[in-house]
1. Got the relative contact order for the stretch 27-106 handy, in percent, Cα pairs under 8 Å and 6 or more residues apart?
2. Rank 74, 87, 52 by mean-square fluctuation in a GNM of the chain with C-alpha springs under 10 angstrom and give only the top-ranked residue.
3. Can you give the charge dipole size of the chain about its Cα centre, rounded to the nearest 20 debye, using +1 on the beta carbon of Lys and Arg and -1 on the beta carbon of Asp and Glu?
4. Taking each pair of distinct Cα atoms in the chain once, what is the resulting Kirkwood hydrodynamic radius in Å?
5. For the stretch 34-80, what's the radius of gyration and Dmax over Cα atoms, in angstrom?
6. Give me, ordered by chain and number, the residues 5 or more places off residue 55 or on other chains with an amide H under 5 Å from its own placed amide H.
7. Can you give me the Cα centroid spacing of the stretch 84-106 and the stretch 30-67 in angstrom?
8. Compare 90, 40, 15 in a GNM of the chain, Cα atoms joined below 10 Å, and give the one with the largest fluctuation.
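The values are calculated or read from the model by the stated rules, or taken from the named source; none is laboratory data. Since the model is a prediction, treat every value here as computed from it, not as a measurement. Cβ: placed from backbone, ideal geometry, glycine included. Neighbour counts: every protein chain shown. The area values use the complete protein model at the heavy-atom level, side chains included, leaving out ligands, DNA and RNA. Shrake-Rupley method; radii C 1.70, N 1.55, O 1.52, S 1.80 Å.
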Amino acid sequence: DLTGIKKAKGGKTVAEIYAQKGSLKGKQVIVRGKVVKYNADIMGKNWLHIQDGTGAPGSNDLLVTSTGVAKAGDTVLIEGKVALNKDFGAGYSYAVMVEEAKISKQ
């Protein structure tokens, strides 16, 4: 259930990050969303997917890497750097993601 997730003050929605990815590359963004998938300690980072109810399939799920901790179902505020076209091999390639993020549970 993604209802009631409000855009962060001074932040972007998931859909806006995808739509503005070219101009956001390498820049810090703030985004609020619900953790829909969480994998701990892979390649020294925690990997989470967040959604906020915006965007269409293919632009509605944002990958975030962090040393912070969350769990599936948490609503979080993410602040990190936008990275584009990351390929980690083995079929794990992402057009847009947020790296080195700080996670605040909401």
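1. 32
2. With Cα springs under 10 Å in the chain, the top fluctuation among 74, 87, 52 is at 87.
3. Taking the Cα centre of the chain as origin, the dipole is about 320 debye.
4. 13.5
5. 10.5, 31
6. Residues meeting the amide H criterion: 15.
7. 8
8. The residue with the greatest mean-square fluctuation here is 90.
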